Amino acid sequence: QATIIHNAGFVPNVFLLDARLYPTSQLVEVSVSANPGSVTSVQATIIAKIVSGGASPTWKPYVGNLSFVDWVAFP
């Protein structure tokens with residue numbers, strides 16, 4: 001779990017983002033937390049997950065650094 005300071009100036013109804021470990025790496029799925037208050041007018045609490053396994057892949061919590069986060073927020 002992490003927090004993004006977005007400073008959009010409003011509480012977004014929709015907050016979408018993709019994250020990458022490096023500019024050329026695959027995207028890591030990152031979702032905004034569903035907890036009440038997870039998005040405010042200046043920040044969003046996010047939870048990152050990454051694919052784990054081969055034949056029957058599942059999602060597991062991602063632990064590490066994200067160097068690039070592309071995001072957009074809509075009122």
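Things worth noting here:
- Shape analysis of the chain places it in the prolate category; the axes a ≥ b ≥ c from the Cα gyration tensor give an a/c of at least 1.5, with a/b above b/c.
- Spacing of the modelled spin labels on residue 45 and residue 14, each 7 Å from Cα toward Cβ, amounts to 2.4 nm.
A short reminder: the numbers here are calculations on the coordinates, not readings from a lab. Predicted, not measured: the structure shown is a model, and the values here were computed from it. Glycine also receives a Cβ, built like all others from the backbone with ideal geometry; neighbour counts cover every protein chain displayed.
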